[in-house]
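**Student:** My questions will all concern the structure given below.
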C-alpha cells in the first residue's frame, strides 16, 4: 500500500496535466475521500509548490478547494485537497451542448469566481472547462489548478505590460493577448471564460483541433478567434460579452456586475418567452 504522509492512500488516477497526475485517495483514519496531486521532484516547473502557496493564500475563499496537506518524499511532491465532482469538461462530454440559459447561468457563477480571485490580487491564467468542478453533493462550481496563477499587483500598483516567452495556459482558451505573448491580466481571464462559454453553447470551437507546428497552430487559433464576431449564430449576449472583454485595457478593473446583469437580463427574457 502506497501511504502518503502516513494517512493517505491512492485509489485511482482521475486526471493529469502539465504538473503531473491527480488521484482519488482516502484518509485511512477517517475514510474521507480526497484528491491527491503528484508532481515529480525532478520536474523543473515547480507548479505544484507554487499552487500550494496560492491555495494557502486563498484559504476559506468560497469556491476554492482547501489544501489538507502539502509535502514530499524522495521522489514526489504531494498536495492533498478536498475531493470534488465532475468538471465542466466532463459534463460537456456527457451532455454534448448546453442551452443558452444554462450556459449563462454557469457564466454568472464563473464570473463571480473570477471576481473573487481577482479581488485577492490574482489572475488565474489557465481558464478552461477542466478547471471548473462541481461539488460532490451540490451544483456550486469550484475553480481549481492554480499552477499558472500569479499576482497582477506590485505593492499597491498594477504590474506593467511586458512580453512573455510563450503562450501561458491552454492554447484553445488563451486570449488573443496570450497568443501575442503579452502579459496576462484580469481581462484575459475573462476573455478565456468567454471561449469556455462559447464551447459549452456551440459544442466545439473552430480552432480547437487544428494541427501543425506550435507556430502554425498559434497563428491559426489567433486568427480564428479574431474572426468570432463574424459568427452569425452567436447569441447577442455572448457577442456583447466578447466585445466588452476584448476592448478592456491591460490595467482596467472589469465591471463584473455589468456582465452578470447582462446575463441575468437575457435569462429572464428567455423565461418570459
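**Student:** Please state which one of 171, 208 is assigned to a loop (DSSP other than H, G, I, E, B), under 30 Å from residue 59 (Cα atoms) and modelled with pLDDT under 95.
**Tutor:** Result: 171 is the single residue among 171, 208 that is assigned to a loop (DSSP other than H, G, I, E, B), under 30 Å from residue 59 (Cα atoms) and modelled with pLDDT under 95.
**Student:** Which ones in segment 138-163 are free of Cβ contacts under 8 Å to residues at least 24 places away in the same chain, part of a loop (DSSP other than H, G, I, E, B) and either touching a strand residue (DSSP E or B) at 6+ places or on another chain (Cβ under 7 Å) or farther than 23 Å from residue 49 by Cα (or both)?
**Tutor:** 138, 139, 156, 160, 162
**Student:** Confirm whether residue 230 is surrounded by fewer than 17 Cβ atoms within 10 Å (Cβ to Cβ) and modelled with pLDDT under 95.
**Tutor:** Against the criterion (surrounded by fewer than 17 Cβ atoms within 10 Å (Cβ to Cβ) and modelled with pLDDT under 95), residue 230 qualifies.
**Student:** Take segment 56-103 and flag every residue that is in contact with a strand residue (DSSP E or B) (Cβ under 7 Å, 6 or more places away or on another chain), surrounded by fewer than 20 Cβ atoms within 10 Å (Cβ to Cβ) and in a helix (DSSP H, G or I).
**Tutor:** Across segment 56-103, the qualifying residue is only 56.
**Student:** Quick check on my filter: what residues within segment 53-70 are out of contact with any helix residue (DSSP H, G or I) (no Cβ under 8 Å at 6 or more places or on another chain) and within 18 Å of residue 148 (Cβ to Cβ)?
**Tutor:** Answer for segment 53-70, where residues must be out of contact with any helix residue (DSSP H, G or I) (no Cβ under 8 Å at 6 or more places or on another chain) and within 18 Å of residue 148 (Cβ to Cβ): 53, 54, 55, 56, 57.
Conditions (1) without any contact (Cβ under 8 Å) to a residue 60 or more places away in the chain; (2) under 25 Å from residue 94 (Cα atoms); (3) not assigned by TED's automatic domain parsing to the domain that holds residue 97, marked per residue:
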{"position": "212", "(1), (2), (3)": "yes, no, no"}
{"position": "216", "(1), (2), (3)": "yes, no, no"}
{"position": "234", "(1), (2), (3)": "yes, yes, no"}
{"position": "260", "(1), (2), (3)": "no, no, no"}
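**Student:** Looking for something touching a residue at least 60 places away in the same chain (Cβ under 8 Å) and under 21 Å from the mean Cα position of the chain (by Cα) - is there at least one such residue anywhere in segment 38-47?
**Tutor:** Yes, segment 38-47 has at least one match.
The values are calculated or read from the model by the stated rules, or taken from the named source; none is laboratory data. Here the structure is a predicted model, which means the values were calculated and not measured. Counting neighbours? That spans all protein chains shown, and the Cβs are built from the backbone with ideal geometry, glycine included.
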